[in-house]
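Working notes, structure below.
The values are calculated or read from the model by the stated rules, or taken from the named source; none is laboratory data. These numbers come from a predicted model, not from an experiment. Backbone-built Cβ (ideal geometry, glycine too); neighbour counts: all protein chains shown.
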Amino acid sequence: MDLTEAMRTMNACRYYRSEPVPDALVLEALDAARWAPSGSNKQPVSFVVVKDAGKRRALHDLYQPIWDGVMQKYASGEIAQAFKPGFLQHVDHFAKHLAEVPVMIVVCVAFKLITAVDANLARQTVSGGASIYPAVQNLMLAARNAGLGTALTTLLCVAEPEVKKVLDIPGDIGTAAMITLGWPAKPFPRELHRKPLADLVYLDRYGARLARG
Ligand SMILES: Cc1cc2nc3c(=O)[nH]c(=O)nc-3n(C[C@H](O)[C@H](O)[C@H](O)COP(=O)(O)O)c2cc1C
């Protein structure tokens with residue numbers, strides 16, 4: 001499919017059909033991931049494809065209480081809700097049915113192959129992620145090209161030690177995300193809801209708009 005169309009319609013898929021995904025399609029998506037850029041081309045990312053039902057259940061059992069904690073914070077007002085109506089129900093459905101998604105892909109990272117050049121600034125470090133998430137996006141776009149739905153989540157990183165036990169991930173490797181993958185139960189959107197270009201592009205000076213709104 002056209003690349004731009006894939007980008008504009010690759011939503012967070014939270015409803016899946018139960019049919020298995022052919023291994024060849026999973027591998028095709030993973031093959032796209034390996035072409036992503038990384039700092040000094042060190043390629044720190046690897047993937048654990050989780051198809052085993054018991055392991056998917058174990059990952060669900062780790063994910064659910066973390067999500068429940070987030071839900072409680074929304075319900076109590078501790079975190080402000082700025083979502084479209086129904087959003088939380090979709091995310092909640094996704095959490096409850098996580099173990100039924102046929103494929104989960106845990107994104108692993110070799111920290112010794114990553115340099116966080118911004119680590120000494122007085123703010124959160126983000127630059128290390130630049131060697132990880134391009135591969136994730138490649139994977140998800142390739143899946144979209146094959147008609148497969150994906151959702152990117154990072155909540156399981158909270159339970160990284162337990163996730164590592166479930167999947168035998170070695171000590172020097174971390175987890176950066178978990179991607180669900182399967183046949184979508186709902187059609188892809190015609191177009192995602194995103195900010196207009198004018199709200200995020202500036203010329204020469206932050207705040208000086210380049211594009212018209
Ligand atoms: C870092 C990150 C973490 C996310 N975590 C979750 C999650 O825990 N549960 C979930 O259902 N979606 C999760 N998402 C998906 C986002 O909610 C989704 O990308 C966003 O709402 C836009 O959705 P759309 O592409 O369908 O428009 C996550 C996305 C990102 C990038």
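Summary of computed values
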| item | result |
| --- | --- |
| Given (1) touching a strand residue (DSSP E or B) at 6+ places or on another chain (Cβ under 9 Å); (2) at positive phi, index of the condition Gly77 fails | (1) |
| Sole exception among (1) within 16 Å of the ligand (Cβ to nearest atom); (2) at pLDDT below 95 for Leu152, by number | (2) |
| Pick from region 45-102, criterion of a type in the set (S, T, N, Q) and touching a helix residue (DSSP H, G or I) at 6+ places or on another chain (Cβ under 8 Å), ranking: nearest to the ligand (Cβ to nearest atom) | Gln64 |
| Test set (1) modelled with pLDDT under 95; (2) under 17 Å from Arg34 (Cα atoms); (3) aliphatic (A, V, I, L, M) - Leu141 fails condition number | (1) |
| First in region 184-202 and under 29 Å from Ala146 (Cβ atoms) and in a loop (DSSP other than H, G, I, E, B), second anywhere and within 14 Å of the ligand (Cβ to nearest atom) and of a type in the set (Ser, Thr, Tyr), Cβ under 9 Å, 6 or more apart | Ala185/Tyr15; Ala185/Tyr16; Lys186/Tyr15; Phe188/Thr9; Pro189/Thr9; Arg190/Thr9; Glu191/Thr9; Leu192/Thr9 |
| Restricting region 9-21 to residues that are near the ligand (Cβ under 10 Å from one of its atoms) and outside any loop (DSSP other than H, G, I, E, B), the residue that is farthest from Asp92 (Cα to Cα) | Thr9 |
| Residues located in region 120-144, provided they are surrounded by fewer than 18 Cβ atoms within 10 Å (Cβ to Cβ) and away from the ligand (no atom under 12 Å from the Cβ) | Asn120, Leu121, Ala122, Arg123, Gln124, Thr125, Ser127, Ala130, Pro134 |
| Meets criteria (within 30 Å of Val50 (Cβ to Cβ), assigned to a loop (DSSP other than H, G, I, E, B), more than 16 Å from the ligand (Cβ to nearest atom) and at pLDDT 95 or above) for Pro170 | yes |
